[in-house]
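Q: Here's a structure for you.
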Amino acid sequence: MKKHYLITPGPTPIPPEVSAKEGLPILHHRTSEFGTIFLEVLENLKYVFQTKNDVLLLTASGTGSMEASAANLVSPGETAIVASTGNFGDRWAKLLDTYGAKVVLLREIDGQSVDIAKVQDALRKNPDAKAVFTQHTETSTGVVNDIKTLGSIISQSNALLVVDAISGLVGQELRMDDWKVDVVVTGSQKGLMTAPGLSFTSLSPRAWAAVEASKSPRFYFDYRRMKKALADKGTPFTPGVTLIVALAEALRQIRQEGLENVWARHTWLANATRAGVKAMGLTLFAKTPCDVLTSITVPAGIEGKKIVKRMREEHGVSIAGGQGELVGKIVRLAHMGYMDRFDIITALSSLEMILSDMGAKIELGKGVGAAQQLLVKGPAGTR
C-alpha cells in the first residue's frame, strides 16, 4: 500500500470538509440559495485580500485573472513595466505583449527578489507607464517581493501596482489596502485550499478608472461586465458552482483560524523546512525566500528530475522540480494551505532517503531532527 502526499505549490491538499462540499447536489446559479453562498464567499474574500474593495470571481485558473487584468488595465501601445523574478513574472510580460502593450521588462536573476531601485528608475524613465506588474511570491524560484515598499513608491506615481498573489495570498502577509496595491489577483488551488478552477481579482478605485479607459478588446474577461453583474449579486456567465460552494467552507476555516494565525503557521512551517534542508547539507536557492515554499539547489552530480520522479513513485510524495532554465537544477517543497508539521516531516524524510540512495552525502534523520526542533511547539509556542 502506498499513500499519497501532496507537497506541491498548487494544487495543494484540500481539507476533507471542503472536498465533501463538492459532492452535494448542485445548485442553480440564479437561485437565492446559491446567491447567499456567493455573497458570503465574496465577503470573506475581502477579508483574505485585506481590502474594502469588491472582489471579482472568474471561472478560470489564476492565469485567467492575470490575462483579464492585462486586457482591462492597459490599452494597445501603452507602456507597462514588468518587475519579474521568475517564470510567472515573465507570464505578465507575455500576456501584456499579447494585448499590444509596450513592455518594459525588469528581469531579476533567478533566486533574487525585485530590485526596488530598478523599479524607481523605470518609473522615472517611463512617466507615462500605466502600471507596474509583479508577483507577491514567485513559486518558480521561491522568492518573496517587498510589496509594501513597492506600494509606497508606486502610489506616488501615475502608475498602478498590479500584483500576482496566486501563490502567496493567505500564506504570506499581504494587505492590499494598507500597502496601496491597486490590483491583486489570485487562484483557488493554493492558499485558499480549494480545487483549481476559480480565480479572483480585486481593484482599487484608481484601477477601475483604468478599466473604464482601456481600449483593449474583451468579452468573457471584461471587468466592466463583471462589475455590472455584481451589482445584481451574480456573475455575467455561469460560474463554477460546486467550486464556489467548496470555497465557502475553505474560507470559513481560514476565518476560524484567523488570517494572522494562518500567516504565522506558514512562517513556522517554512522555518522548520529550511532548518531541515540546511541540516542535510543542502543549499537554499532563493536569496529572499517566501513562506509558501522552499526551493533547494540540487547537489552536484544528482539529476533533479529523478528526485521528483522517485519521491513520487517510490514514496507517494509529490514535490515540484524546477521550471524553464531551472529544470533539473532545483526542487521545490511547498508548505502552503492545508498543511501541518507532519507534512514537513514526511517531505524531508522522503527527500533524505531518496538523496541518500542516489549517492548524496546525506545523514539520515539529520534534516528531520533539525525540523522537529522547531516543530515540537506550534507557531506561537503552542503544542
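Bear in mind that the values in this text are calculations on the coordinates, not laboratory data. All values derive from a computational prediction rather than experimental measurement. All Cβ positions, glycine included, derive from the backbone under ideal geometry; neighbour counts span all protein chains shown.
Q: Skipping prolines and chain starts, which residues have an amide H placed within reach, meaning under 5 Å, of the one on VAL143, given they are 5 or more residues away or on another chain?
A: So VAL143 has HN proximity to GLU138, CYS290.
Q: Rounded to the nearest 0.05, what FRET efficiency do GLU314 and ASP340 give with R0 = 25 Å and r taken as the Cβ-Cβ distance? Could you check?
A: 0.60
Q: Report the one residue of LEU106, PHE49, LEU174 whose Cα lies farthest in the direction of the positive end of the charge dipole of the chain (charges on C-beta: Lys and Arg +1, Asp and Glu -1; origin at the Cα centre).
A: Farthest towards the positive end: LEU106.
Q: So, in nm, how far is label VAL376 from label THR98 when the simple model puts each one 7 Å beyond its Cα toward the Cβ?
A: Inter-label distance under the simple model: 5.1 nm.
Q: List the DSSP H helices in the chain whose Cα atoms stretch 27 Å or more along the helix axis and whose mean Kyte-Doolittle hydropathy is at least -1.0.
A: Result, helices passing both filters: 259-279.
Q: With θ set to phi - 60° and the Karplus curve 6.51 cos²θ - 1.76 cosθ + 1.60, what are the ³J(HN,Hα) couplings of the range 13-18 in order, to the nearest whole Hz, using x for Gly and Pro?
A: My calculation for the range 13-18 gives x, 10, x, x, 5, 6 Hz in order.
Q: Would you mind checking which residues have amide H under 5 Å from VAL317's amide H? H placed 1.01 Å from N; only 5 or more apart, or other chain.
A: Residues meeting the criterion, in which the H sits 1.01 Å from N, are TYR5, ARG312.
Q: Show that you can apply the helix-only estimate: for the chain, add -39,500 (n - 2.57) for every DSSP H stretch of four or more residues, divide by all residues, and state [θ] at 222 nm to the nearest 500.
A: -13000 deg cm²/dmol
Q: Please list, or write none, the lysines whose alpha carbon is within less than 22 Å of the alpha carbon of LYS94, excluding same-chain residues fewer than 8 places away.
A: Cα-Cα hits under 22 Å: LYS102, LYS118, LYS125, LYS130, LYS215.
Q: Mind giving me the nanometre distance, one decimal, between the label points for ARG224 and GLN112, set 7 Å out from Cα along Cα→Cβ?
A: So the label points at ARG224 and GLN112 sit 4.1 nm apart.
Q: OK, next. How would the range 16-256 be classified by its alpha-carbon gyration tensor: rounded, prolate or oblate, with rounded meaning a/c under 1.5 and the a/b versus b/c comparison settling the rest?
A: Prolate, since a/c reaches 1.5 and a/b exceeds b/c.
Q: Using Cα pairs closer than 8 Å and at least 6 residues apart in sequence, work out the relative contact order for the range 161-204, in percent. Numbers along the way, then the final one.
A: Details: 68 pairs, mean separation 17.0, N = 44.
With pairs under 8 Å counted, the relative contact order is 39 percent.
Q: Let me ask another. Apply the Karplus curve 6.51 cos²θ - 1.76 cosθ + 1.60, θ = phi - 60°, to the phi angles in the range 283-290 and return the couplings in whole Hz, x for Gly and Pro.
A: 10, 6, 7, 6, 7, 10, x, 7
Q: Under a point spin-label approximation (7 Å from Cα along Cα-to-Cβ), what is the ALA20-ILE302 distance to one decimal in nm?
A: 4.0
Q: In whole angstrom, how far apart do the alpha carbon centroids of the range 117-162 and the range 274-325 sit?
A: Centre-to-centre (Cα) distance: 29 Å.
Q: Fully extended, how many nm does the chain gain between MET358 and SER75 (0.36 nm per residue separation, minus their Cα-Cα distance)?
A: Here the answer is 96.7 nm.
Q: In addition: Starting from the amide H of THR294, placed 1.01 Å from N in the peptide plane, find each other amide H under 5 Å away whose residue is 5 or more places distant or on another chain.
A: LEU333, ALA334, HIS335
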